[in-house]
Amino acid sequence: MKLTVLAKRAFPKFKTRLAIRRAAFFPLDIYDFLAGRRDPLVPPRGLWFVGGGHFQENQFLESFIQLCDLQPHHRVLDVGCGIGKQAVPLTKYLDSKGSYEGFDIVDEGIQWCQREITSRHPNFRFRHVDVFNQHYNPEGKILPSDWRFPYADAEFDFVWLISVFTHMLPKAVLNYISEISRVLKPGGKAFISFFLLNDESRRLIAGGKSTIAMTHERGEYSVLDPEFPETAIGLSESFVRKCYSDFGLDISAIHYGSWCGRNDAKFYQDIVLSVRR
């Protein structure tokens, strides 16, 4: 994570960092292409701008099914879909009655998803939204606290966000939770990751056990880098619980993650499962 902070300060524009990544991985991407080694639904390495490890790692389909009872006929929404990391395994699970919608603020990822995924699976749709984020889209025209999801009320059976609220400030999170509640059907479920700040995680951070040293406290949240707050943001668990309650989302379980130094956690980030009231 220290390297992320240094890279951010050296190259503050995301598009510059992405261009450097694409150049660095260009030889490997060309080799994969010429050797026929890359699955057409796996993007070139130069476009892996979210998550760590291989593109096919940290995909959550099994957890969606086991923990949220995702069904093949469901209509689902992927908020912050990135480069389609969660969408690709779903192409083999959702049936003709099911459908997928995803949106993201990084246009390069959306263009790849539209070209490679939608062209093969028309019930998978992706759209770019010009929402501001200092980490990924510093020139965005729409504030995340004002963004209204472009979907009807009670449209989706299942909504998920992976590594989205870990890069968003509380006012924006509040609006997104409101929108998630609005677009979920009654009884619909949400699977959302956070860095939750509670007594245990704060103690582990203070003791130097955390993989992310979010030591800069700002009331309901803490940040890794005060110069670029959206690099990594931890939110007070009490704030998150109140947001859920205020907008009709009943928390069914929290799976606390290993990010802060916990042992034997199933996930890296904290996962909050909820049901629309």
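The values are calculated or read from the model by the stated rules, or taken from the named source; none is laboratory data. Here the structure is a predicted model, which means the values were calculated and not measured. Here the Cβ is made from the backbone with ideal geometry for all residues, glycine too, and neighbour counts use every protein chain on show. To get the accessible areas, we keep the full protein, side chains included, count just its heavy atoms, and leave off ligands, DNA and RNA. Shrake-Rupley method; radii C 1.70, N 1.55, O 1.52, S 1.80 Å.
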Handout entry: Within region 131-277, percent of DSSP bridges classed antiparallel, to nearest 5
Key = 70 percent
Handout entry: Dipole in debye (nearest 20) - region 135-183, about Cα centre, beta carbon charges: Lys, Arg +1; Asp, Glu -1
Key = 180 debye
Practice task
With springs only between Cα atoms under 10 Å apart, run a GNM on the chain and tell me which of Ser163, Ser201, Ser245 wobbles the most.
Solution key: Ser245
Completion exercise
Whole-Å distance linking the alpha carbon centroid of region 116-186 with that of region 63-104 is 14 Å
Practice task
Find the relative contact order for the chain and round it to a whole percent, using C-alpha pairs within less than 8 Å whose residues are 6+ positions apart.
Solution key: 14 percent
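List the GluC sites (Glu not before Pro) in region 198-245 that DSSP assigns to loop (not H, G, I, E or B) and whose Cβ has at most 13 other Cβ atoms within 10 Å. Which are they?
Glu227
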Handout entry: Percent RCO, i.e. relative contact order, over region 163-258, from Cα pairs under 8 Å lying at least 6 residues apart
Key = 32 percent
Completion exercise
Note, Gly46: beta-carbon cut-off 14 Å, +1 each Lys/Arg, -1 each Asp/Glu, net +3
Exercise for the section: May I ask which residue of Phe25, Phe158, Leu77 lies farthest towards the positive end of the charge dipole of the chain, with charges of +1 (Lys, Arg) and -1 (Asp, Glu) on Cβ and the Cα centre as origin? Expected result: Phe25
Problem - 25 °C / 0.890 mPa s Stokes-Einstein diffusion coefficient of region 183-277, Kirkwood radius on C-alpha pairs, µm²/s - result: 176 µm²/s
Fill in the blank from the handout: Note on the chain, DSSP bridge orientation, antiparallel percent to nearest 5 equals 50 percent
Practice task
Set Lys and Arg Cβ to +1 and Asp and Glu Cβ to -1, take the dipole of the chain about its Cα centre, and tell me which of Ile205, Val106, Cys68 lies farthest positive.
Solution key: Val106
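If the only charges are +1 at each Lys and Arg Cβ and -1 at each Asp and Glu Cβ, what is the size of the charge dipole of region 134-221 around the Cα centre, to the nearest 20 debye?
Working: 10 positive and 10 negative charges, 29 e Å.
The calculated dipole for region 134-221 is roughly 140 debye.
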Handout entry: Protein accessible area in region 25-173, 1.4 Å probe - carbon and sulfur %
Key = 53 percent
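Given +1 on the Cβ of Lys and Arg, -1 on the Cβ of Asp and Glu, and no further charges, what dipole in debye does the chain carry about its Cα centre, rounded to the nearest 20?
With Lys and Arg at +1 and Asp and Glu at -1, about 400 debye.
Over the chain, with the other protein chains present, what is the accessible area per residue in square angstrom, probe 1.4 angstrom?
So the chain comes to 47 Å² accessible per residue, rounded to a whole number.
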Handout entry: Candidates Ala35, Ala206, Ala265, ranked by Gaussian network fluctuation over the chain, Cα under 10 Å, top entry
Key = Ala35
Problem - Positive dipole terminus of the chain, leading residue within Asn263, Asn137, Leu90 (C-beta point charges) - result: Asn137
Fill in the blank from the handout: Which of Asn123, Asn198, Asn137 fluctuates most in a GNM of the chain (C-alpha springs under 10 Å)? That residue is Asn198
